[in-house]
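**Student:** Once you've had a glance at the structure underneath, I'll fire off some questions.
What follows is calculated from the coordinates using simple rules that are stated; it is not laboratory data. Model, not experiment: these values are computed from the prediction. Positions of Cβ are generated from backbone atoms using ideal geometry, with glycine treated the same way; all protein chains shown enter the neighbour counts.
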Amino acid sequence: MRSEHEIMKLYNQHEHLISTTIYRKFGNKSYRILHGLDKDDLMQYGRIGLYNACKSFDESKTPSFRNHAIRNIEWSIMNESKRDSLTSITQKTNDIADRISFDAEYATLDGEACTLYDIVESSENGFNEVEWELSMEALEETLSERVRDIVDMRMKGYNNVEIAEQMCISRQRVDTILKKNKDKIMEVLCS
């Protein structure tokens, strides 16, 4: 069993393997886009893998630390990416929503108390016409016409496939546009 000092010494000697592994195995941006991650996320997952490799390395079982570390880094990145992927967030959100009481009170940005039931009920009815017009005006100042059209259709109940068909683009492109502008959209719609 290695001491923490020995683990960190081994870690520091082989830290370069993280960026090398990411470049060779995950250098294609499509992997990061698919999971909604950036390079810093991959680096963090790689650090976890390298640290675990330093802790678990046994010279009698694996003669090459380099191979052992690379396998651990790859495994950690793939495992953590799948767990934190945007594709799994929807499922996790639905699982959490099933377990949360809709009568529990939460504070809104205004400091008023509301329940999840109030939020769901209001989202089913959508914005009233005046609120929607004000939101669209605010979106005009910050987003391009294409993004506003996508948001408008999304808020009217269209799914991404239907939006893609209407705009003659791919569903993936709709997803990408929404993800890329998520912060701006949420800032305007939630203010």
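**Student:** Under the 0.36 nm per residue contour assumption, what length would be gained going from the current alpha-carbon distance of Ser19 and Asp84 to full extension?
**Tutor:** Net length gain for the segment: 21.4 nm.
**Student:** Here's something else I'd like to know. So how far apart, in nm, are the two label points at Asn12 and Ile169 if each is 7 Å from Cα heading toward Cβ?
**Tutor:** Label-label distance for Asn12 and Ile169, simple model: 4.8 nm.
**Student:** Going down the list Lys82/Lys156; Lys39/Lys182; Lys156/Lys184; Lys9/Lys39, which pairs span over 23 Å between their C-alpha atoms?
**Tutor:** Lys82/Lys156; Lys9/Lys39
**Student:** Multiply the residue separation of Glu4 and Leu178 by 0.36 nm, subtract the distance between their alpha-carbon atoms, and state the gained length in nm to one decimal.
**Tutor:** 58.3 nm
**Student:** Let me ask something else. Taking 0.36 nm per residue of separation and subtracting the Cα-Cα distance, what length does fully extending Arg154 through Asp41 add?
**Tutor:** 37.8 nm
**Student:** According to a simple spin-label model (label point 7 Å from Cα along Cα-to-Cβ), what is the distance in nm between Lys61 and Leu34?
**Tutor:** Inter-label distance under the simple model: 2.9 nm.
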